[in-house]
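What follows is one structure encoded as structure tokens, with my remarks underneath.
The values are calculated or read from the model by the stated rules, or taken from the named source; none is laboratory data. All of these numbers come straight from a predicted model, not from anything done at the bench. No Cβ is skipped: glycine too gets one built from the backbone with ideal geometry, and neighbour counts run over all protein chains shown. Side chains included, ligands, DNA and RNA excluded: accessible areas come from the protein's heavy atoms. Shrake-Rupley method; radii C 1.70, N 1.55, O 1.52, S 1.80 Å.
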Amino acid sequence: MSEMMGRSKDDTGKDKVSVQNTNGLIKPWKLLKKAVRGKAQKPNKLEVSHPPLEEEEEEQTGRKADSDETLSSRVKRSVSVVQNNLRSPTSFFSGKRPSLADGKQPPVVISTFKHHLDKKQWCEASQLLINKEKNLFGNITEEEDLSYDKEEEQKLAADYEALEKLVMETVVETLSISLQEVDDINESVSAHASALTSAVKVIMQEEEQDQMWKTSCQTVPSWRPCNWRKTHDSKLQDLVEERMNSSQTPTANQAEQSSIQTDVQNMGRQLKEDLLLVVKLVKSCYPPEMDICNFYAKLYHQVFSTRLRTIAESRLDDKDCTFLLRYVNECYPSIFQDPELASEINVESLGKLLPQELLVPLEKQYLDNQEAELKTLMERIVDNAVEEWKKGEEPKREDGCYVSHVAYDIIQFINDMVKAAKVIVGDLHKAQEITRPVSDSMQRYKVFQEDIIKQNKPNSTVFIKANLSWIKDFRYVLDKKSHLFQEEVQRSCLDVITNMKQSAHMYLLSPVHKNLKTQYQKLGTKDWLNNNEFDKLLLSIEKELQELQGPNQSCYQELIGQLHQEVTEEYVRRLLKGKVKLKDKEQQQDAYDTLIDDAESLHNLFKKMGSQNDWLKEILTKIAEVLRLQDIPAIQMEIAELRTAHPDHSEEHIAALLKLKNLKNQDRENITETALETMEEIPVNPDARNFFSRVPLKSEDQATCFCYKIF
């Protein structure tokens with residue numbers, strides 16, 4: 001009878017200690033056991049697995065029958081309770097058996113450990129084991145005889161081992177599901193998600209039990225601590241390494257790639273697919289505090305980084321070097337830009353795939369190669385231009401204008417290569433290093449233009465006109481896209497471009513000034529004042545302007561604007577030479593009228609041809625005002641305004657202008673002194689332009705009218 005009370009059948013059919021009814025069976029037996037041993041103690045809260053044999057019960061009961069009747073009666077009552085429970089097995093489980101309408105009872109379903117395993121109910125199975133563990137070890141002290149518990153302890157340890165194996169298998173099998181299956185949300189995926197959720201709960205439960213046993217004063221089971229969380233992390237580490245190291249068949253577009261490129265791309269593809277699976281399926285099975293998405297991402301990142309380190313430490317050819325840098329700096333970060341991954345994974349905490357000490361030599365190899373390639377391309381472009389000129393060919397024309405594609409081709413290469421280098425090395429400042437040869441190529445083209453001017457072949461003029469277009473284009477790039485160049489390269493190229501533009505303008509405009517020299521000589525003379533010689537000059541200028549056509553529209557406008565300024569400078573220079581004396585108010589008024597008419601006519605002509613230098617007209621009108629005015633303070637104010645607009649209006653220019661009015665020396669000195677003092681009190685005008693510094697006051701023998709310092 002006692003054996004029936006103490007043991008029930010386990011999942012395998014073997015006898016197993018019953019732990020279902022502590023109130024009806026175990027506690028009375030423990031009271032009886034302690035009474036027999038002479039130990040008057042309170043009943044234990046936890047169950048004891050093995051009840052005594054029937055013979056031992058009879059022997060002990062017989063010896064104590066006379067001395068302890070009260071205890072005997074209590075035992076009898078407990079035995080009666082146990083017998084009742086045995087008649088109704090469902091009383092060992094929670095709740096009562098429900099009655100059906102016809103009075104029949106439903107079949108009894110006993111949730112055993114094996115039953116939970118078959119249903120993949122890991123959490124429930126774990127709870128059964130935890131309950132058995134508590135009952136077996138809950139109040140055991142060293143003084144108590146544990147020999148009868150060893151078999152149950154071994155069985156419980158085996159059950160824990162079996163459960164751990166199944167739980168960990170569930171965890172690692174997760175990534176074997178395809179993304180397509182997850183998106184389809186089939187029953188298999190749902191079942192696996194349920195099993196994984198249960199497995200994770202088991203791991204957390206066992207972690208809690210580990211912590212509880214650490215602080216317990218009772219005898220600790222041999223399997224504690226289980227450290228299932230640590231095992232879980234280790235299993236995932238092994239899983240990630242296995243998936244990243246598994247060989248994959250190259251895709252069709254990888255056929256011509258190197259083995260390194262194929263290997264890296266396949267690892268990246270595996271990483272992305274697995275992390276998407278983690279986000280879509282695995283995340284929901286874990287509690288938020290485990291941060292499983294970032295945990296997986298860290299594992300994949302570490303494995304990937306280790307593999308790439310090995311590759312980077314080997315000697316790579318230029319193609320593999322470029323590929324590896326691009327993958328680290330562009331392709332890999334782009335994986336985590338996927339919206340589903342970006343919202344769950346902290347990319348910054350992962351860091352770079354390769355450390356700086358391995359990236360630096362790869363970057364140097366790549367940048368040196370790109371710099372050499374850019375230099376070769378630019379030299380080839382310049383060589384082609386030189387060869388065309390030597391053969392006597394003319395530049396191409398587009399919309400009737402001569403154009404040069406030298407700048408366009410060079411700029412295109414620079415822009416594309418720097419842009420690509422920025423992405424590949426991940427740093428614009430480093431990418432700019434490849435533009436160092438640009439300075440040398442520009443200097444070489446400058447020498448080429450000088451040869452064109454010096455040799456002055458029949459096709460030289462059209463080549464220079466074509467050069468104006470690429471000079472303008474290149475200057476635009478240097479000014480507006482300065483991020484493409486290192487600072488010293490930009491500064492050097494701007495100097496070369498400025499010098500080339502000056503040389504080109506001078507080459508094209510010098511013949512014009514030479515042809516206008518005869519008309520220039522009439523300016524500021526009596527013939528100019530009395531016979532309106534300026535109309536002849538305008539006709540000659542208009543004729544020369546037709547000869548300057550050929551550059552594209554914007555370059556032609558700049559060239560015309562330059563000629564507009566130079567003609568105005570020559571006009572002022574001739575006027576201030578003082579070949580005519582304006583002795584009285586009437587002559588000064590005539591000079592005023594002539595100067596105003598000339599300023600208007602000159603302005604209209606050049607504006608019609610495309611010049612945008614409207615400010616040149618104001619210089620002539622202000623000089624005309626000085627010639628007209630008779631009041632000394634008014635003259636002083638006008639000169640002060642002229643000097644404010646043009647700070648390079650020197651004392652010598654003021655003196656020459658006042659001398660033209662035929663003023664007394666004392667008046668000229670007073671006006672000049674006052675004008676200079678006034679200038680010191682007036683704030684600097686941010687819109688002021690230099691003009692008079694380009695109007696030297698020298699004798700005609702020392703100055704030439706067609707050689708200028710071009711800005």
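Mind ordering 616-625, 232-241, 356-365 by average Cβ neighbours within 10 Å, highest first? Don't skip to the answer; put the middle values down first.
Details: 616-625: 19.9, 232-241: 16.6, 356-365: 15.1.
Final packing ranking: 616-625, 232-241, 356-365.
Largest first and to the nearest Å, give the Cα extent of segment 305-443 along each principal axis.
Rounded to whole Å, the extents work out to 64, 35, 21 Å.
For Cys401, list long-range residues whose amide hydrogen, built 1.01 Å from N in the peptide plane, is under 5 Å from its own amide hydrogen.
Those qualifying (amide H under 5 Å, at least 5 residues apart or on another chain) number zero.
If the viscosity is 1.306 mPa s and the temperature 10 °C, what Stokes-Einstein diffusion coefficient in µm²/s follows for segment 389-509 when Rh is the Kirkwood radius over Cα pairs?
For these conditions, the coefficient is 105 µm²/s.
Net charge near Gln519: determine it from the other residues with C-beta under 13 Å of the C-beta of Gln519, scoring Lys and Arg +1 and Asp and Glu -1. If you can, show how the numbers build up before the last one.
Values: positive: Lys514, Lys517, Lys522, Lys536, Lys543, Arg574; negative: Asp527, Glu533, Asp535, Glu542, Glu544, Glu570, Asp598.
After counting each charged neighbour, the total is -1.
Apply the Karplus parameterisation 6.51 cos²θ - 1.76 cosθ + 1.60, with θ equal to phi minus 60°, to every residue of segment 182-192 and state each ³J(HN,Hα) to the nearest whole Hz, in sequence, with x for glycine and proline.
5, 5, 6, 6, 7, 5, 4, 5, 4, 5, 5
Over 19 Å between Cα atoms, which of Lys298/Lys419; Lys522/Lys581; Lys430/Lys472; Lys446/Lys501 qualify?
Values: Lys298/Lys419 31 Å; Lys522/Lys581 15 Å; Lys430/Lys472 27 Å; Lys446/Lys501 10 Å.
Correct reply: Lys298/Lys419; Lys430/Lys472.
Say each of Asp183 and Asn346 gets a label point 7 Å from the Cα, pointing the same way as Cα to Cβ; how far apart are those two points in nm?
3.1
Report the relative contact order of segment 476-608, percent, no decimals, based on alpha-carbon pairs under 8 angstrom and at least 6 residues apart.
So the answer I get is 27 percent.
Kindly rank 604-614, 182-192 from highest to lowest mean number of other beta carbons found within 10 Å of each residue.
Numbers: 604-614: 16.5, 182-192: 12.5.
Going by the mean number of other Cβ atoms within 10 Å, highest first, we get 604-614, 182-192.
By per-residue mean of other Cβ atoms within 10 Å, what is the highest-first order of 454-461, 170-177?
Averaged packing, sorted descending, gives the order 170-177, 454-461.
Taking every pair of alpha-carbon atoms in segment 247-373, what share in percent sits in each 10 Å bin, from 0 to the bin with the longest distance?
Computed distribution, short to long bins: 11, 40, 31, 14, 3, 0.
Give me the extension gain from Asn227 to Gln302: residue separation times 0.36 nm, minus the current Cα-Cα distance, reported in nm with one decimal.
On the way: separation 75, 0.36 × 75 = 27.00 nm, distance 2.31 nm.
Computed gain between Asn227 and Gln302 is 24.7 nm.
With the cut-off at 1.5 for a/c, could you classify segment 470-600 from its C-alpha gyration tensor as rounded, prolate or oblate? Walk me through the intermediate numbers first.
On the way: a/c = 3.27, a/b = 2.40, b/c = 1.36.
Taking the square roots of the gyration eigenvalues as a ≥ b ≥ c, segment 470-600 is prolate.
Using a 1.4 Å probe on the protein heavy atoms, what percent of the accessible area of segment 178-335 belongs to carbon and sulfur? Don't skip to the answer; put the middle values down first.
Details: 3810 of 7960 Å².
Within segment 178-335, the accessible surface is 48 percent carbon and sulfur.
Based solely on C-alpha atoms, express the radius of gyration and the Dmax of segment 276-343 in angstrom.
Cα-based Rg and Dmax for segment 276-343 come out at 15.2, 47 Å.
Is the shape of segment 587-688 rounded, prolate or oblate, going by the alpha carbon gyration tensor and its root eigenvalues a ≥ b ≥ c, with a/c under 1.5 for rounded and a/b larger than b/c for prolate? Provide the component values of the computation, followed by the final result.
Values: a/c = 2.71, a/b = 1.34, b/c = 2.03.
Oblate, because a/c is 1.5 or more while a/b does not exceed b/c.
What number comes out for the charge environment of Leu428, summing +1 per Lys or Arg and -1 per Asp or Glu over other residues with Cβ under 11 Å away? Please report the intermediate quantities before stating the final value.
Details: positive: Lys419, Lys422, Lys430; negative: Asp427, Glu433.
Here the count lands on +1.
Gln455 versus Asp593, label points 7 Å from Cα toward the beta carbon: distance in nm?
The two pseudo-label positions are separated by 5.7 nm.
Taking the solvent-accessible surface of protein heavy atoms with a 1.4 Å probe, what is the per residue accessible area of segment 485-594 in Å²?
Values: 4800 Å² over 110 residues.
Ligands and nucleic acids excluded, the result is 44 Å² per residue.
How high is the FRET efficiency from Glu677 to Ala634, r the C-beta distance, R0 22 Å, rounded to 0.05? Present the calculation step by step, with values, prior to reporting the outcome.
Details: r = 16 Å, r/R0 = 0.75.
E(calc), rounded to 0.05, equals 0.85.
Quickly work out the Asp368-to-Asn690 label distance, labels modelled 7 Å from Cα along the C-beta direction, and quote it in nm with one decimal.
Simple spin-label model gives 4.4 nm for this pair.
Averaged per residue, what accessible surface does segment 344-421 expose to a 1.4 Å probe, in Å²? Before the final figure, lay out the partial values.
Numbers: 4340 Å² over 78 residues.
I get 56 Å² per residue for this part.
Based on the Cβ-Cβ distance from His115 to Ala157, what FRET efficiency comes out when R0 is 22 Å, to the nearest 0.05? Walk me through the intermediate numbers first.
Numbers: r = 20 Å, r/R0 = 0.92.
About 0.65, to the nearest 0.05.
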